[in-house]
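Engineer: Quick one: this structure, given as structure tokens, is what I'll be asking you about.
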Amino acid sequence: MHSASFRTKLKSGALWSLTGSLAVRCSSIIITVVIARLLSVENFGKLAIITSTVAMLSSFAGLGLAVTCTRYVAQLRYIDPARAGRIVRLAFFIGLFSGCFMAFVAFAAAPFIAGRLLSAPDLINVLRIASFLLLTDTLLSLQIAVLSGFQAFPQITRITIYQGLLALPLTVTAVWLWGITGAVAATFVISACGLFLSHLFSRALIRGLISEIDEMSIWSEFRIIRKLALPASLAGIVVTPAIWMGNAVLSQSAGGFEQVGIFNAANQWRMLLAFLPSVLGNVLLPLISTPEHQSSAKLKAVNFLSGWILVSAPAFILIFFPEITGMILGSKYDTSSYRYSLIILMLVACISAYKEGIARRIITDDLMWWGVCSNLIWGGMLAGLLVTWPATTSSTLVNYYLLCYGVSTIVFVPFYLKKGIMPAAMLYSKESLLVWFTLLTGFYCHLQQTSLLTRIIVSPFLAALMVWSFIGLWHKMAQLLKGAEERIQE
């Protein structure tokens, strides 16, 4: 009964999340392709650095409040709804203040950021428009987080579908008419519409939690904000400035914004792949946070392997055949620099997906500060490399990404194993190593400039090896986790 309940919730939640997310991602892919074709590579780079700037400032505005809402609403909505309501009310109060504050800072600092730091004074007004996203995106993420905590996945799906339906015609038209400015303005309108819709869907659920709460009593839950939201926020704060710094340093080189455009065109595919495990993560985090599912061996195996599998399969195809995306984006992106950047970022996507399940376990086990340390190493390494050897090409920047992701993962493996967060089979089993072997073989083929015909012949055998490895790894991990569960019950 327990297993059936878990499977039903997982399938239902995943289906709704996947439906909405696929609609949004399909729309997003089309939008990205159209924008890349409408804009020059240089202007695409300028748009990317505006997006990166907003993402950096959003990490300060969001303060890790969304993950706090998801976890504690899922955990407390039945056993202590009053406390869940206080946490939600406090999170929204802090989120509203931080969103307004960071929007004001971004608006006021636009001349300094665009004119002085980026040497692009033509982006001042664009950045000012983008500053309003800091408020709408912060509040939208909180409302979606509450819906996720309630496992209200159909409502989340409707919101994402409506946003996707609006985004495609609005963004394409705005870019056609007003270029970069139109793209940013359209993004704000879409975010505002999502905020309005999420408010309509979540207000009844939230009202049920906070209807009888004394305003002053919410501050009694500030310890929870400090315990989970603070480290969750810092985990983003130590990363996003380094990402922005990479784009900013690259933009200062000769042909800088063009290199930023190449990097971000390749990075769009990494973000697309990263979105796949995040969809499932929206379902898995509330499930593994609930007491009745925390001991499920099958759920733990799904948590660790699902994201890695979802990303590795399409990454394998793009590593062996990077020409596919070049054909989609247009001939101006079908260059050796772009293909190399894409392949390296696909490897980065696989490493990131490999850590997805670990990150969720860190959240549920109240070990967020270790996640902060991992991200601090990543961000510190990237910043140090950029200061010591400034990236002048997209290829250099992606190499830095791969190095930082690899080191920040390997350094914490002993801790993951000691705390029982990470199954040993994921690290040094034969099956796990074979998965990495298949991916690295594709990279080797690119370095050797292997012909397309040879790659077509070799790739099916390696794909079969990857599938066999994942199947074997699934069975091995399921048995190990089931044995651990039985020992705990004894």
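Engineer: Could you go through the range 50-72 and let me know if any residue there is of a type in the set (Lys, Arg) and at pLDDT below 85. Reasoning before the result, please.
Structural biologist: From the range 50-72, those of a type in the set (Lys, Arg) are 71; that's our starting set.
Right, trim to at pLDDT below 85 and you get 71.
Within the range 50-72 (the criterion being of a type in the set (Lys, Arg) and at pLDDT below 85), the answer is yes, since at least one residue qualifies.
Engineer: Only residues that are within 27 Å of Val302 (Cα to Cα) and without any contact (Cβ under 8 Å) to a residue 24 or more places away in the chain: list them for the range 353-401, please.
Structural biologist: Within the range 353-401, just Ala359 meets the criteria.
Engineer: When you look at Ala349, is it within 21 Å of the chain's Cα centre (by Cα), touching a residue at least 60 places away in the same chain (Cβ under 8 Å) and more than 19 Å from Thr450 (Cα to Cα), yes or no? Walk me through how you get there before you give the answer.
Structural biologist: Working: within 21 Å of the chain's Cα centre (by Cα): yes; touching a residue at least 60 places away in the same chain (Cβ under 8 Å): yes; more than 19 Å from Thr450 (Cα to Cα): yes.
Judged against the criteria, Ala349 is a match.
Engineer: Also, quick follow-up: Tally the residues that are surrounded by 14 or more Cβ atoms within 10 Å (Cβ to Cβ), within 24 Å of the chain's Cα centre (by Cα) and modelled with pLDDT of 85 or more, restricting the search to the range 412-442.
Structural biologist: 4
Engineer: Scan the range 373-394 residue by residue and report those that are among the β-branched types (Val, Ile, Thr) and either within 19 Å of the chain's Cα centre (by Cα) or not assigned by TED's automatic domain parsing to the domain that holds Leu342 (or both).
Structural biologist: Start the filter on the range 373-394 by keeping residues that are among the β-branched types (Val, Ile, Thr), which leaves 377, 387-388, 392-393.
Once the filter is applied, which keeps residues that are among the β-branched types (Val, Ile, Thr) and either within 19 Å of the chain's Cα centre (by Cα) or not assigned by TED's automatic domain parsing to the domain that holds Leu342 (or both), the range 373-394 yields only Ile377.
Engineer: Also, quick follow-up: Among the residues of the range 206-227, are any touching a Gly at 6+ places or on another chain (Cβ under 6 Å), outside any helix (DSSP H, G or I) and modelled with pLDDT under 75? Quick ask: steps written out before the conclusion?
Structural biologist: First pass over the range 206-227, keeping only residues touching a Gly at 6+ places or on another chain (Cβ under 6 Å): 209-210, 213.
With outside any helix (DSSP H, G or I) added as a condition, the list becomes 213.
If we keep only those that are modelled with pLDDT under 75 too, we end up with 213.
The answer is yes, given that some residue of the range 206-227 is touching a Gly at 6+ places or on another chain (Cβ under 6 Å), outside any helix (DSSP H, G or I) and modelled with pLDDT under 75.
Engineer: Another question about this same structure. Would you call Leu397 under 30 Å from Ala254 (Cα atoms), modelled with pLDDT of 85 or more and crowded, with 22+ Cβ neighbours inside 10 Å? Before you say what the answer is, go through the steps one by one.
Structural biologist: On the way: under 30 Å from Ala254 (Cα atoms): yes; modelled with pLDDT of 85 or more: yes; crowded, with 22+ Cβ neighbours inside 10 Å: yes.
Answer is yes for this residue.
The values are calculated or read from the model by the stated rules, or taken from the named source; none is laboratory data. Please read these numbers as outputs of a predicted model, since none were measured by experiment. Positions of Cβ are backbone-derived with ideal geometry, glycine not excepted, and every protein chain shown enters the neighbour counts.
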